[in-house]
Each structure stands twice: as C-alpha cells, then as structure tokens.
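Worksheet: one structure, shown below.
Each value in this text was obtained by applying a stated rule to the coordinates, not by laboratory testing. Keep in mind that this is a model prediction, so the values were computed, not measured. As a convention, Cβ positions derive from the backbone with ideal geometry for all residues, glycine included, and neighbour counts pool all protein chains shown.
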Amino acid sequence: MITIDLRGKTAAVVGGRSGIGLATAYRLAEAGARVVTLSRRADAPKLECPPGTAERIIHMQLDITNSAETAKVFAELASSNGLDIAVHSAGVLAPGSALDTEDELWRRHMATNADGLFFGTRESLRHIRAGGRGGKVVIVGSVSGQVGNPGFAAYCASKGLLVNLTRQMALDYASEGININSILPGFTNTEMTSIYDSGTKEAIADTIPAKAWATPEQIANAVLFLCSPLADYVHGVNLAVDGGYLAGRPA
C-alpha cells in the first residue's frame, strides 16, 4: 500500500487560517508533518483537527504583503527545524470589470495575490534551499489565471502571473531537488467565494463537467500529492483541479 509519510518535515501554509489553506494544513498534519499556519490575524484558526494532529499545528501571524515582516517570520519559523514544504494559499477575490476597478481595488489584489505571493515564495525558497535537502513549494492559484472570468479583472490578472512564475522558478531550482508547482482550483466552496449567491453558484455548476463545486478538501488532496515524495519528478506544473472546467477551454 502506498502511503504519504511526511514525519520529520516542517511545512508552512500561508493563508492557512481558512478554506483551502486550512484544509491543506489538516492534510499535511495527517501525513505527519509539523505545520505552521500563517495569516494576517493573530488568533489561531478554529481547529477541528483530525484525530491526533492538533499538537502538530501551530499558528503565527504574518502580513504577507510586508516584505520585511515576511522575511522575519519565515526566518523565525525555520530557525529550529528548517523548512521542507511551503504552500502559498493567501488570496483576495473581489468583483470588478476593468472600468469598475478603482486603483485601491487593483492594488489590494496585487498586494496579496502578486507581491505577497512573491515575498512568501522567495523566503520559503531561501530557507528550503539553505537546508540542502530539497523540498516542495506549492502555489495555490486559480483557473481564472488560465481563462478569463467575466467581471473579475484584477483577480484574473493577479492569478495569471503566477502561472508563468511557477514555470520560471522551476527552471531555476529543479536541479537542487526543489519542486515548485501550482494548483489551479476551479470553483470551490470557501468563505472567499461566498460573494456568489446560490443562483449564480448553480449556474456556474452547470458549466462544470462534474456539475459541482469543489470542496476545500478535494483541492487539499492535490496539494498533498505535490508536497509528497510521490511528486519528486514533477516540476513547473500548473495542475488544474477543477472538475473538468478547463478541459473544453483553450488555454
């Protein structure tokens, strides 16, 4: 039987307080990893941990949009046992076509989805590389980074950049045993997507071949795979986990 065993590994999950990030933290802890969840809020997430995992999950406060703070927090969390795995799941989602997107809305998306993503990825790479034993970096993007989503100009733009950044970073660090990949979730039921009303959700579900929105756990299962030794030869992949949503759409 194939099992995923991450005992002895330290994992950081940015945006690990809710949604896909929290589901990922649970999956990593179930596999035996020591998990540090990171979010802007100081209070720890309300945990409903799988049995036997609560002692392996701790929380640290981090404003991922602040470069200096990100460097400091990653140095602190890696100071004891190093860093082996990093999942970057923080994100902002708000509607607005181009003409409806004011400067503040644009900058808010870019601050988290672009700047914060880069700051966090850079610092996690720094500490994984320093350990000299390879590691895994997984970026949680969106199918909206591959195809447009009407009425979400800033979100689509911010998610589109990570697709090529994932490929570029893989070219630089694959030779050092660092796997850098991204997950492109389809429409997923999280707090962030509560902006959609039930009628809109049903209409969107009809456009998905699987005829259903994803759960955070379904996305986290794919993240766990990319964080595991099973993915040792997977580099620079943007893996859609979308119920077939992209299958009939040109990239």
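Starting from the Cα of Lys201, step 7 Å along the direction of its Cβ; do the same at Arg133; then give the gap between the two resulting points in nm.
4.2
Among the DSSP beta bridges whose two residues both lie in segment 10-240, what percent are antiparallel, rounded to the nearest 5?
0
Can you give the Rg to Rh ratio of segment 10-240, both from alpha-carbon atoms, with Rh computed by the Kirkwood formula?
Reported Rg/Rh (Cα atoms, Kirkwood Rh): 0.95.
May I ask for the angle, rounded to the nearest 10°, between helix 117-131 and the longest principal axis of the chain, with both axes built from Cα atoms and the value confined to 0 to 90°?
Roughly 20 degrees, rounded to the nearest 10.
Relative to the longest principal Cα axis of the chain, at what angle does helix 67-77 sit, 0 to 90 degrees, rounded to 10?
40
Take the alpha-carbon centre of segment 213-251, take the same for segment 46-122, and report the distance between them in whole Å.
For segment 213-251 versus segment 46-122, the Cα centre distance is 20 Å.
Going by amide H atoms built from the backbone, whose H comes under 5 Å of the H on Val241, apart from near neighbours?
Excluding prolines and chain starts, which carry no amide H, the hits are Leu184, Gly186.
Which whole-number percent is the relative contact order of the chain (Cα, under 8 Å, 6+ apart)?
The value is 20 percent.
Straight-line reach from Lys211: which lysines have a Cα under 20 Å away, not including same-chain ones fewer than 8 places off?
Within the straight-line limit of under 20 Å, Lys211 reaches these lysines: Lys201.
Taking the Cα atoms only, what angle lies between the long axis of helix 216-226 and the longest principal axis of the chain, rounded to 10 degrees?
Helix 216-226 and the main axis of the chain meet at about 50 degrees.
Would you please give the residues with an amide H less than 5 Å from that of Ala86, counting only those at least 5 places away or on a separate chain, with H modeled from the backbone geometry?
Ala12, Lys136, Val137, Val138
Estimate the FRET efficiency between Asn81 and Asn164 by the formula 1/(1 + (r/R0)^6), using the beta-carbon distance for r and 22 Å for R0, to the nearest 0.05.
The value I calculate is 0.10.
Straight-line reach from Lys136: which lysines have a Cα under 29 Å away, not including same-chain ones fewer than 8 places off?
Answer for Lys136, where 29 Å is the Cα cut-off: Lys9, Lys46, Lys72, Lys159, listed by chain and number.
Given charges of +1 on the Cβ of Lys and Arg and -1 on the Cβ of Asp and Glu, with all other atoms neutral, how large is the dipole of the chain about its Cα centre, in debye to the nearest 20?
In debye, rounded to 20, the chain gives about 520.
Grab the Cα-Cα distance for Ser175 and Thr193, subtract it from 0.36 nm times how many residues apart they are, and report the gain in nm with one decimal.
In short, 2.7 nm is gained.
I need the phi-derived Karplus couplings for segment 239-244: 6.51 cos²θ - 1.76 cosθ + 1.60, θ = phi - 60°, integer Hz, Gly and Pro marked x.
With the stated coefficients, segment 239-244 comes to 8, 7, 10, 9, x, x Hz.
Calculated FRET efficiency, Arg41 and Leu99, Cβ-Cβ r, R0 30 Å, to nearest 0.05?
0.35
Just to confirm a number: summing +1 for Lys and Arg and -1 for Asp and Glu over residues other than Ser142 whose beta-carbon lies under 13 angstrom from that of Ser142, what do you get?
Here the charged neighbours net out to 0.
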